[in-house]
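Data block below; observations after.
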Amino acid sequence: MSKLSTITLSALAVGAAASFTYCSNQAKFIGAWTAVNPTNITDRMPGATMATSLLKIDFVDNLQKTGGAVTLNSDINVTRTIDADSLSQGQPYEVKFAATASVDGTWSYDIDDDDDVLLALDLAKLKIDLDGSKVTFTQPAATVVPQAHLDSLATKYIDTWKRDLTGAVSSDLARYTVIDDIELSRDGNMMTFEIESPETKLHFKRDTK
């Protein structure tokens, strides 16, 4: 794949054409990026009726310019249900909570294609942060069940939810071990690339300080 080849993509967000160039060993993708849209991970999260993950990626170059460190952070929002009990008058509980996930690793160029980047992520050390005090129970349960009981339910299930999140996020982030066809906009503020399982094209915007 030529380092000098260019393509033109439709910039839907602004209704205009944006010119992108393929990435090369100049590592123009170095820096922090946030996904334009969250990823739906509902099918990876047991018991969830909706679960999304908004990914942030931070690439850091090494001194040799041959690779470097990478950190992935996800802002996760989950809606799920809990079985009814004696206090919920036969109605299942609907629960909403937010969590963050983070994992560190390293990145390197694919020696077979310098538009591709390989990530080695230490998913065994994936960190999940879920604050039980920020779990919310929506109506009707929230209007008929004492808050003390809702708090006890959150405490009871929080370890299960963390375990479920660990599995869901790990399986999702494992898709990023090979990042294909990195492309940057001419101004360097937008980035696209593809991941597999299933094949998906993702769009990121550069974080500004």
List the lysines whose Cα lies under 19 Å from the Cα of K65, skipping any in the same chain that are fewer than 8 positions away.
K3, K28
Partners for K125 among aspartates and glutamates (Cα-Cα distance below 16 Å; same-chain residues under 8 apart left out)
D104, D164, D172
Of all stretches in the chain that avoid GluC sites (Glu not before Pro) placed in a DSSP loop and having at most 14 other Cβ atoms within 10 Å, the longest is 1-195
If you take the alpha carbon radius of gyration of the chain and divide it by 2.2 N^0.38 Å, what ratio comes out, to two decimals?
1.22
Pick from V70, V135, V144: which residue has the top mean-square fluctuation in a GNM of the chain where Cα pairs under 10 Å get a spring?
V144
The lysines whose Cα lies under 21 Å from the Cα of K96, excluding any fewer than 8 residues away in the same chain, are K127, K134, K156, K162
Calculated log₁₀ intensity ratio I(q)/I(0) where the Debye formula runs over C-alpha points of the range 95-209, q = 0.11, 0.18, 0.20 Å⁻¹
-0.55, -0.98, -1.09
Gained length - N189 relative to D113, 0.36 nm times residue gap less alpha-carbon distance
25.1 nm
Nearest-ten-degree value, helix 147-173 long axis tilted from longest Cα axis of the chain
30 degrees
Which of A98, A32, A141 moves most in a GNM of the chain, Cα contacts under 10 Å?
A141
Please report, for the Cα atoms of the range 45-145, the Rg to one decimal and the Dmax as a whole number; what are they, in angstrom?
20.0, 64
Kindly sort M191, M50 by accessible area of their heavy atoms, largest first, with the probe set to 1.4 Å.
M50, M191
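The values are calculated or read from the model by the stated rules, or taken from the named source; none is laboratory data. This is a predicted model, so every value here is computed, not measured. Backbone-built Cβ (ideal geometry, glycine too); neighbour counts: all protein chains shown. The area values use the complete protein model at the heavy-atom level, side chains included, leaving out ligands, DNA and RNA. Shrake-Rupley method; radii C 1.70, N 1.55, O 1.52, S 1.80 Å.
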